[in-house]
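Q: A single structure is presented below for examination.
The values are calculated or read from the model by the stated rules, or taken from the named source; none is laboratory data. Everything numeric here is computed off the predicted structure, so don't read it as measured data. Counting neighbours? That spans all protein chains shown, and the Cβs are built from the backbone with ideal geometry, glycine included.
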Amino acid sequence: MRKVLIANRGEIALRIVRACAELGLTSVAVYSDADARAPHVREADEAVHLGPPPSAESYLRGDLIIEAALRVGADAIHPGYGFLSERAWFARAVRDAGLIWVGPPAEVIEAMGSKTAARSLAIAHDVPVVPGTTEALRDAAEALAVAGKFGYPVLLKATAGGGGKGMRVVREPSAMAAALEAAQREAMNAFGDDAVYVEKYIEGPRHVEIQILADAHGRCISLGERECSVQRRHQKMIEEAPSPAVSVALRKAMGAAAVRAAKAAGYVNAGTCEFLLDADGAFYFLEMNTRIQVEHPVTELVTGFDLVQWQLRIAGGERLPFTSSIEPRGWAIECRITSEDTAHGFLPSTGRITYLRLPGGPGVRWDGAIGAGTEVGLHYDPLLAKLIVWAPTREQAIARMHRALGELTVHGVETSREFHLRVMEDEEFRRGAIDIQWLERRLDSLVDAPPPRAQVEAAAVAAAMLAERDRRVRTPRSASSAAAGTPGARPELSPWARAARGQGLRSE
Ligand code: MV4
């Protein structure tokens, strides 16, 4: 393997370009009209134009992408996450074109695409799942009988599932018939399949996932868990590794379960098993993600494993050098920096980035693909970058993230920076008292939380300086001093400006 085409854009495409460079592989970017001057294109060794900005006409055009790979003489295609990464037909087409697919076999992607098939596979291999059925319900009478057996509340889930569509919580028998109808209708609209099954509803669980790596020679290891509970509408905002809720013993049990599931599926390459973890420490397998994930860096920082390099090395036939699973060292946190107005319902924000200052210093990693001049539009995901930190303890990692967020400046679009600062200051978050409903429960109080005193003071100073500048522009210097051209002659300072000076701004 010498040359890799990267079928993606943004920060993950740049992440893969960097892994290729470190492994001595030639990288080939692809791009839409909107991304002609994007960092992932600039940094790759070569680049191929695909088409107009809409994904359906560019990054989702599997045919064009395979054609491009063959034309430039690439040996492999790395799909990143999103776009074509979990489309079994694309993995198959890549293989049929004689190219290496940097991911699991098409058959495994297909099998894991069905949530009920994944659930059946887990059950067959002693991987705990939430109590419930796997077969589609025939009618409300059957739903009531099954719910009676497992006990309320129950959750109706679409068999074709994913992303929370076609899910309904049912808290009492009288609500069953209407909930079943609603779930079936939503499932039909979303997936073209109205099959719905029942699970016991787990109240207030955490979302904890296990990273695995499997090579093509039968070796499969766990790299520990990531805590992903801080999410809103199934969009994760903050991830960390390890999880504050996972002990060494629990990590061992969850890791072993994930490895059993991966081996049973014939898994090769990097993958993730998603679990719910309840307040009593019981865990339940939900599904397997057959791609590199957005939040992979937190695992990299606590294990020292370069997951993207290992994806490429495994695809090239290399063996994993370890047989046993890895224990995390220290603590890593990731904040997703998105172009969203978090104070106003997470509305997407668009525009041109006019100024960018990036954080740095000890333990700070920036995985982004933006710069001054980047146009942020509505064609793609709002993820601009990921800010990731490492420190010896969780407390230190939170302090470091707060410091790094403070160093970040993005002008031109609204971002999630302020939101993340408020979370890092939040007492519940600092205690690790989070679950999958935490963010939605706390969103208003986080957005309304006053910033710390030092930030209010800094804002007051900036306001004073701006007011002073405005005053000078509106009030021309007196005729005599203008005529004399006295250098350094200044109008009198306003009280605000004097206060600003008093705060230490003595550069004038
Ligand atoms: C659940 C659950 C509670 N109990 N299953 C949501 C998406 C789908 N992949 C699984 N999901 C859930 N399944 C039972 N039996 C709660 C969720 C859930 C969730 C899971 C992971 C991450 C975020 C979530 C947000 C809402 C609900």
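Q: Go through (1) in a helix (DSSP H, G or I); (2) over 19 Å from GLU227 (Cα atoms) for VAL302 and report which single condition fails.
A: VAL302 satisfies every listed condition except (2).
Q: Select, from ARG119, ARG92, ARG71, the only residue that is at pLDDT below 95, more than 23 Å from the chain's Cα centre (by Cα), over 30 Å from SER339 (Cβ atoms) and among the basic types (Lys, Arg). Show your work before the answer.
A: Details: ARG92 fails: at pLDDT below 95; ARG71 fails: at pLDDT below 95.
The unique qualifying residue is ARG119.
Q: Within the range 75-96, which residues are in a helix (DSSP H, G or I) and either in contact (Cβ under 8 Å) with a residue 40 or more places away in the chain or of a type outside the set (Lys, Arg) (or both)? Even if it seems obvious, please write down each step before you answer.
A: Let us first name the residues in the range 75-96 that are in a helix (DSSP H, G or I), namely 88-96.
Matches in the range 75-96: ALA88, TRP89, PHE90, ALA91, ALA93, VAL94, ASP96.
For (1) of a type in the set (D, E, K, R); (2) in a strand (DSSP E or B); (3) in contact (Cβ under 8 Å) with a residue 12 or more places away in the chain, each residue gets a yes or a no:
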| site | (1), (2), (3) |
| --- | --- |
| VAL146 | no, no, yes |
| HIS207 | no, yes, yes |
| LEU213 | no, yes, yes |
| ARG226 | yes, yes, yes |
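Q: Within the range 245-273, how many residues turn out to be of a type in the set (Val, Ile, Thr) and within 15 Å of the ligand (Cβ to nearest atom)? Talk me through it step by step, then tell me what you get.
A: Here is the first cut: in the range 245-273, the residues of a type in the set (Val, Ile, Thr) are 246, 248, 259, 268, 272.
Then keep just the ones that are within 15 Å of the ligand (Cβ to nearest atom); that gives 272.
Residues flagged as of a type in the set (Val, Ile, Thr) and within 15 Å of the ligand (Cβ to nearest atom) within the range 245-273 amount to 1.
Q: Shifting gears a bit: Being within 11 Å of the ligand (Cβ to nearest atom) and either charged (D, E, K, R) or within 14 Å of the chain's Cα centre (by Cα) (or both) is the filter here, so list the residues in the range 274-304 that pass it.
A: Within the range 274-304, GLU274, ASP278, GLU287, ASN289 meet the criteria.
Q: With the range 1-74 as the region, which helices (runs of 4 or more DSSP H) entirely inside it contain at least 3 residues that are more than 24 Å from GLU300 (Cβ to Cβ)? Steps first, please.
A: On the way: elements: 10-23, 39-43, 62-72.
In the range 1-74, 62-72 are the helices (runs of 4 or more DSSP H) which contain 3 or more residues that are more than 24 Å from GLU300 (Cβ to Cβ).
Q: Also, quick follow-up: ILE100: over 22 Å from HIS234 (Cβ atoms), modelled with pLDDT of 95 or more and within 16 Å of the ligand (Cβ to nearest atom), yes or no?
A: On the way: over 22 Å from HIS234 (Cβ atoms): yes; modelled with pLDDT of 95 or more: yes; within 16 Å of the ligand (Cβ to nearest atom): no.
Judged against the criteria, ILE100 is not a match.
Q: Which one of the conditions (1) among the charged types (D, E, K, R); (2) touching a helix residue (DSSP H, G or I) at 6+ places or on another chain (Cβ under 6 Å); (3) under 28 Å from MET254 (Cβ atoms) does ASP194 fail to meet, given that it meets all the rest?
A: (3)
Q: Same structure again: Mind checking whether some residue in the range 134-142 is closer than 11 Å to VAL196 by Cα, touching a strand residue (DSSP E or B) at 6+ places or on another chain (Cβ under 7 Å) and loosely packed, with under 15 Cβ neighbours inside 10 Å?
A: Checked against the condition, which is being closer than 11 Å to VAL196 by Cα, touching a strand residue (DSSP E or B) at 6+ places or on another chain (Cβ under 7 Å) and loosely packed, with under 15 Cβ neighbours inside 10 Å, the range 134-142 yields at least one hit.
Q: Give the residue that is nearest to the ligand (Cβ to nearest atom), with candidates limited to residues of the range 164-192 that are over 28 Å from the mean Cα position of the chain (by Cα) and in a loop (DSSP other than H, G, I, E, B).
A: Top of the filtered list is ARG171.
Q: Return only the number of the condition from (1) within 16 Å of the ligand (Cβ to nearest atom); (2) of a type in the set (A, V, I, L, M, F, W, C); (3) in contact with a strand residue (DSSP E or B) (Cβ under 8 Å, 6 or more places away or on another chain) that ALA117 does not satisfy.
A: (3)
Q: Go through (1) without any contact (Cβ under 8 Å) to a residue 24 or more places away in the chain; (2) surrounded by 24 or more Cβ atoms within 10 Å (Cβ to Cβ) and name the single condition ALA56 misses.
A: (2)
Q: Looking at VAL108, VAL146, VAL170 in this structure, which one is surrounded by 15 or more Cβ atoms within 10 Å (Cβ to Cβ) and within 30 Å of GLY317 (Cα to Cα)? Please lay out each step first, then the result.
A: Numbers: VAL146 fails: within 30 Å of GLY317 (Cα to Cα); VAL170 fails: within 30 Å of GLY317 (Cα to Cα).
Selected residue: VAL108, the only one of VAL108, VAL146, VAL170 that is surrounded by 15 or more Cβ atoms within 10 Å (Cβ to Cβ) and within 30 Å of GLY317 (Cα to Cα).
Q: Take the range 199-230 and flag every residue that is near the ligand (Cβ under 8 Å from one of its atoms), within 18 Å of LYS115 (Cβ to Cβ) and under 16 Å from the mean Cα position of the chain (by Cα). Working first, answer last.
A: So in the range 199-230, the residues near the ligand (Cβ under 8 Å from one of its atoms) come out as 199-203, 205, 207, 228-229.
Cutting the leftovers down to within 18 Å of LYS115 (Cβ to Cβ) gives us 199-202, 205, 207, 228.
Across the range 199-230, the qualifying residues are HIS207, CYS228.
Q: In the range 231-244, which residue that is part of a loop (DSSP other than H, G, I, E, B) and surrounded by fewer than 24 Cβ atoms within 10 Å (Cβ to Cβ) is farthest from the ligand (Cβ to nearest atom)? Full working, then the answer.
A: At the first step, the residues of the range 231-244 found to be part of a loop (DSSP other than H, G, I, E, B) are 233-234, 242-244.
This time we only want the ones that are surrounded by fewer than 24 Cβ atoms within 10 Å (Cβ to Cβ), so: 233-234, 244.
Details: ARG233: 8, HIS234: 6, PRO244: 17 Å.
Going through the qualifying residues, I end up with PRO244.
Q: What number of residues in the range 122-139 are of a type in the set (A, V, I, L, M, F, W, C), modelled with pLDDT of 95 or more and either within 16 Å of the ligand (Cβ to nearest atom) or more than 19 Å from PHE285 (Cα to Cα) (or both)? Show your work before the answer.
A: Of the residues in the range 122-139, the ones of a type in the set (A, V, I, L, M, F, W, C) are 122-124, 127, 129-130, 136-137.
In the following step, the residues that additionally are modelled with pLDDT of 95 or more were identified as 122-124, 127, 129-130.
The next check asks that each one be either within 16 Å of the ligand (Cβ to nearest atom) or more than 19 Å from PHE285 (Cα to Cα) (or both); those that pass are 122-123, 127, 129-130.
Going through the range 122-139 one residue at a time, the tally reaches 5.
Q: Mind listing whichever residues of the range 412-465 are part of a helix (DSSP H, G or I), touching a residue at least 60 places away in the same chain (Cβ under 8 Å) and among the β-branched types (Val, Ile, Thr)?
A: Matches in the range 412-465: VAL423, VAL447.
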